[in-house]
Amino acid sequence: TVVVDDKGNATVTTPAGKTAVIPASDLTKSAADAAKPNAGNDIVKPADKTVVANPDKLTDAEKKAIEDKVKAVNPGSTVVVDDKGNATVTTPEGKTAVIPASDLTKSAADAAKPNAGDDIVKPADKTVVANPDKLTDAEKKAIEDKVKAVNPGSIVVVDDKGNATVTTPEGETAVIPASDLTKSAADAAKPNAGDDIVKPADKTVVANPDKLTDAEKKAIEDKVKAVNPGSTVV
């Protein structure tokens, strides 16, 4: 059982009869915190969930994929993923928390849905940065604008290395790592301009931007598939 008092302290009693209190400081944050890097959280979850075949028994490869994504947004932390996909994260400062499997995994069916089963999505278009260790304000603003465009209404905070902490209107928070958002000038000169997913040059004419017809959606799908061969487009 879990009982939360008026100040946010949670008293937890396990089925085995063990009882402990989680202090409010580990469970609550202010609206001002949401505007900070990491949104006031000591440990953060990655925006990109991992597709798993059997949620009751993850493969070693699936667990490794989750571990890598969690480590990318919690540098220097120890991450242990159990067979169901829950990740126990311990920071270099000794803070420990568990990110539940529901925040880290998705099914193949979820991946075929809009947003590919993720609560927070990353833009396809990466931003060119001169120094990946110290982004300029203009570079951070460019990343912020691109992330906001695909996560409407969200608060987006970009740190000096290009990691973006996103908090949705529903209160979901996740971090998109810099590696998914930035590229070098050299990358931009490569095929696909350094982006993992590319956008077609030819836009589609639509009559009502708030409600596309099936034909308009199919036209967009075909154009996107043409420049991203083998990809699923929803």
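Data table
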| quantity | calculated |
| --- | --- |
| The range 49-117 shape via C-alpha gyration tensor axes, a/c threshold 1.5 | prolate |
| Protection-proxy order for peptides 155-165, 88-98, each taking the mean of Cβ atoms within 10 Å per residue, highest first | 155-165, 88-98 |
| Neighbour-count ranking [beta-carbon atoms within 10 angstrom, fewest first] of Val80, Val198 | Val80, Val198 |
| Per-residue ³J(HN,Hα) for the range 61-77, Karplus 6.51 cos²θ - 1.76 cosθ + 1.60, θ = phi - 60°, Hz, x for Gly and Pro | 5, 5, 5, 5, 4, 5, 4, 5, 5, 5, 5, 4, 9, 10, x, x, 7 |
| Sequence-distant residues sharing a close amide H with Lys183 (under 5 Å, placed H) | Thr127, Val128, Val129 |
| The chain: calculated mean residue ellipticity at 222 nm from DSSP helix runs of at least 4, using -39500 (n - 2.57) | -6500 deg cm²/dmol |
| Peptide ranges 116-128, 54-66, 173-185 listed from the most packed, as the mean C-beta count within 10 angstrom indicates | 173-185, 116-128, 54-66 |
| Whether the range 158-234 is rounded, prolate or oblate, judged on the alpha carbon gyration tensor where a/c under 1.5 counts as rounded | oblate |
| Distant-in-sequence amide H partners of Val51 (H built 1.01 Å from N, under 5 Å) | Lys106 |
| Label assignment, semi-axes √(5λ) of the Cα gyration tensor in Å derived from the structure, set [x] 40, 23, 19; [y] 31, 22, 17; [z] 34, 22, 19 | [z] |
| The range 112-168 and the range 33-69: distance between their alpha carbon centers, rounded to Å | 17 Å |
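Taken together, the values in this text are just the output of simple stated rules run on the coordinates, not laboratory data. Keep in mind it's a predicted model, so treat the numbers as computed, not measured. Glycine also receives a Cβ, built like all others from the backbone with ideal geometry; neighbour counts cover every protein chain displayed.
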